[in-house]
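Notes follow the structure.
What follows draws every value from the coordinates through simple rules; no lab data is involved. Please read all numbers here as calculations on a predicted model, not as lab measurements. In this analysis, Cβ positions are derived from the backbone assuming ideal geometry, glycine residues included, and neighbour counts consider all displayed protein chains.
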Amino acid sequence: MLKRLKRRIIKMFREFLVHHNSSLEYRAKLLTLIVSANGEISECEKQKLKEVAHSIYADDIDRAMLLIDTVHEYHKKIITNNGLDFEHLIRLVEKETKEVKRFAQKIDINLLKEFSECIEEEEEEEVLFNQRLIEFLENLKDEYGVL
């Protein structure tokens with residue numbers, strides 16, 4: 001119970017309580033783009049999200065859980081049309097990548113491609129959309145990445 005309360009407080013005030021919050025938020029936006037592309041997060045994507053979050057923050061379980069919670073928060077905003085939609089999220093990621101060049105290094109294409117395993121092959125439109133999304137993020141990384 002205490003652990004749940006702690007997570008809620010951190011979620012509510014993460015902007016003030018979490019070190020390098022903007023970096024975590026940016027990563028959450030990237031992951032949300034991938035898992036929310038079809039409008040829902042499948043069980044496979046939930047599992048991949050946990051794996052990816054724990055690989056990004058291997059030394060900090062709390063931060064990994066906060067990343068997962070933030071992705072779910074963004075996803076909920078998208079599906080409930082609560083001040084964020086998918087296209088706005090794409091523009092937001094692009095804008096933040098342009099403004100903060102170091103964020104481009106946080107685009108890990110190999111990790112993002114892992115979510116492709118969750119798309120069924122017969123869903124051609126989803127596969128194509130996912131590929132285009134990955135290409136878009138690759139181009140952002142190439143264009144704005146700090147050398």
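Expressed in nm to one decimal, what extension gain is obtained for the pair S42 and K101 from 0.36 nm per residue of sequence separation less their Cα-Cα distance?
18.1 nm
Here the stretch 49-124 is treated with +1 on each Lys and Arg Cβ and -1 on each Asp and Glu Cβ, and its dipole about the Cα centre works out to around 640 debye. Highest-first packing order for the peptide set 137-145, 77-85 is 137-145, 77-85, based on the mean count of other beta carbon atoms within 10 Å.
Using alpha-carbon positions, what is the distance between the centroids of the stretch 24-52 and the stretch 97-111, in Å? Result: 16 Å between the Cα centres.
Shown here: the stretch 68-147, whose C-alpha atoms stretch 39, 30, 21 Å along the first, second and third principal axes, sorted largest to smallest. Using 0.36 nm per residue of separation minus the Cα-Cα distance, give me the extension gain between I90 and D62 in nm, one decimal. Computed gain between I90 and D62 is 7.4 nm. A cut-off under 12 angstrom between Cβ atoms defines the neighbours of R91, and their net charge, with Lys, Arg +1 and Asp, Glu -1, is -1. Relative protection proxy for 65-75, 122-132, 34-44, from highest mean packing down: 65-75, 34-44, 122-132 (other beta-carbon atoms within 10 angstrom).
Sorted by average packing, counted as other Cβ atoms within 10 angstrom per residue and highest first, what order do 110-117, 54-61 take?
110-117, 54-61
Set the Cα radius of gyration of the stretch 18-65 against 2.2 N^0.38 Å, with N its number of residues, and you get 1.16.
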